[in-house]
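What follows is a set of notes on a single structure, which appears directly below.
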Amino acid sequence: MRLHEYQAKQRFARYQIPTPAGHVVTSPQDAYAVAAALAQPVVLKAQVLTGRGGRGSGVKAAFNAAEAQNHAAEMLGMKIKGVIVRKLLIEPVIKSVASIYLGITCDRNVSRLAIMASNAPIADIEASAHLQPSTIIREYIHPFSGLHNYQVRNLANGLNLPREHWDDFTRIAQRLYRCGIESDATLAEIDPLALTPDGRLLALSSRLVIDDNALARQPELRAMHDSDAELRALAQARAAEISYIKLSGQIGCIVNGAGLAMTTMDMITTYGDGTVGPANFLDIGGGAQADKVTAGLHIILADPDVKVILLNIFGGTTRGDEVARGILQALDEIRGEGPLVIRLMGTHAEEGRTLLESACPNDLHVVTTLNEATQLAIAIALGTL
């Protein structure tokens, strides 16, 4: 679960992580009042839960209150990745002599938290760590002993941060670590951590992503969830209790079980050979019924990037005939066009295939092997079938 930037900064304030004095507004008149009270240039940031994609049109600077009011009138109500902007965070413009990325996330390759820092701007920490590893300094955190000060000093030294700022940097890193741990965050991030001309370190931008599986023990954070400000697909998936991650490919995937979903995505990537790829990760779960299949199809069919949907279902606790009913129910409800490739095996799979073949909707292909399903979906996506 993502938090708005202003919510993350409220959380940071509890841990005494220094941030600019910010105010949330919902109208141009409020924007004018806040900017006038600050009496200095300000930055207006759209508060939407769409990731970093809104940084361009979703961030504007204003030199006076009237300009802030005009920008707010333009920004409030606009859409960023299909999400309506309803709130703006207004902060004073902060001058800096250096900018640092500082973040804590889980490195699944070593099954530990990693604290990472960089002098380079980071658009996507996972992509940057993979594509530009030399730009990122990292230290792994032992789950029992926690983050040590010497590890933070290693980061400061690698960043060539002047030694007089090491103590402040260490305090902020330790507080960020505590904030992340106590919030059950999968990502706690400051980007950038600015060094100001008067020698202060300030968290100018912040991100907190909370582990959905830990929300039961984080009632305060759970109450902060703003479903109106996140991507519609994510809100639908959360409501249906479906695991969903949007990717950049053209083949929509609906699979039961995370392991099988990863295998399906790997095969699409391998056979696609850079020309096509998976459009999403979507796991309907081991005991998924027709309603979850329907919800999954609703989500993927609404994605304009998807050219074909591949359903890969291996029935253990998931019954093939239930899956087939969910597919037909969704197609009847949506009445949308779009090819589907369905690989259905396991419990009651033959009955499920019979249901699908007897209904015989257009552009529906039923197969039995994953190789066949993958290659067929790729051919459809490429338009070579």
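So which residues in segment 46-84 are touching a residue at least 60 places away in the same chain (Cβ under 8 Å) and in contact with a helix residue (DSSP H, G or I) (Cβ under 9 Å, 6 or more places away or on another chain), if there are any at all? Before the answer, list the steps.
Step one: list which residues in segment 46-84 are touching a residue at least 60 places away in the same chain (Cβ under 8 Å), which gives 47-50, 52, 81-84.
The answer is Gln47, Val48, Leu49, Thr50, Lys81, Gly82, Val83, Ile84.
Note on segment 180-278: enclosed strands (runs of 3 or more DSSP E) holding 1 or more residues that are outside the structural domain of Val341 (by TED's automatic domain parsing) and at pLDDT 90 or above are 185-195, 201-203, 206-210.
Restricting the search to strands (runs of 3 or more DSSP E) fully inside segment 6-90 and requiring at least 3 residues that are outside the structural domain of Leu102 (by TED's automatic domain parsing), crowded, with 21+ Cβ neighbours inside 10 Å and out of contact with any His (no Cβ under 7 Å at 6 or more places or on another chain) gives 42-46.
The C-beta contact set for segment 174-199 (first residue touching a residue at least 40 places away in the same chain (Cβ under 8 Å), second residue assigned to a loop (DSSP other than H, G, I, E, B) and acidic (Asp, Glu), distance under 8 angstrom, 6+ apart or interchain) comprises Ala185/Asp211; Thr186/Asp211. One residue stands out in segment 352-385 among those that are farther than 14 Å from Val308 by Cα and surrounded by 17 or more Cβ atoms within 10 Å (Cβ to Cβ): the one that is modelled with the highest pLDDT, namely Leu370.
Just the residues that are modelled with pLDDT of 80 or more and over 14 Å from Leu282 (Cα atoms), please, taken from segment 303-326. Reasoning before the result, please.
Applying the first criterion (modelled with pLDDT of 80 or more) to segment 303-326 yields 303-314, 319-322, 324-325.
Matches in segment 303-326: Pro304, Asp305, Lys307, Val308, Phe314, Arg319, Gly320, Asp321, Glu322, Ala324, Arg325.
None of Ala349, Ala302 is in the same structural domain as Asn256 (by TED's automatic domain parsing), among the small types (Gly, Ala, Ser) and over 21 Å from Leu260 (Cα atoms) except Ala302. With respect to the conditions (1) charged (D, E, K, R); (2) under 30 Å from Ile242 (Cα atoms); (3) over 18 Å from the mean Cα position of the chain (by Cα), Lys60 lacks only one, and its number is (2).
The set of residues from segment 152-193 being surrounded by fewer than 21 Cβ atoms within 10 Å (Cβ to Cβ) and among the small types (Gly, Ala, Ser) comprises just one member, Gly158. For Val308, state whether it is in contact with a Gly (Cβ under 6 Å, 6 or more places away or on another chain) and within 20 Å of Glu333 (Cβ to Cβ). No, not satisfied.
Residues in segment 211-240 that are more than 15 Å from the chain's Cα centre (by Cα) and either crowded, with 17+ Cβ neighbours inside 10 Å or closer than 29 Å to Gly77 by Cα (or both): Gln218, Glu220, Leu221, Arg222, Ala223, Met224, Asp228, Ala239, Ala240.
The values are calculated or read from the model by the stated rules, or taken from the named source; none is laboratory data. In this text the structure is predicted, and so the values were computed from the model without any measurement. As a convention, Cβ positions derive from the backbone with ideal geometry for all residues, glycine included, and neighbour counts pool all protein chains shown.
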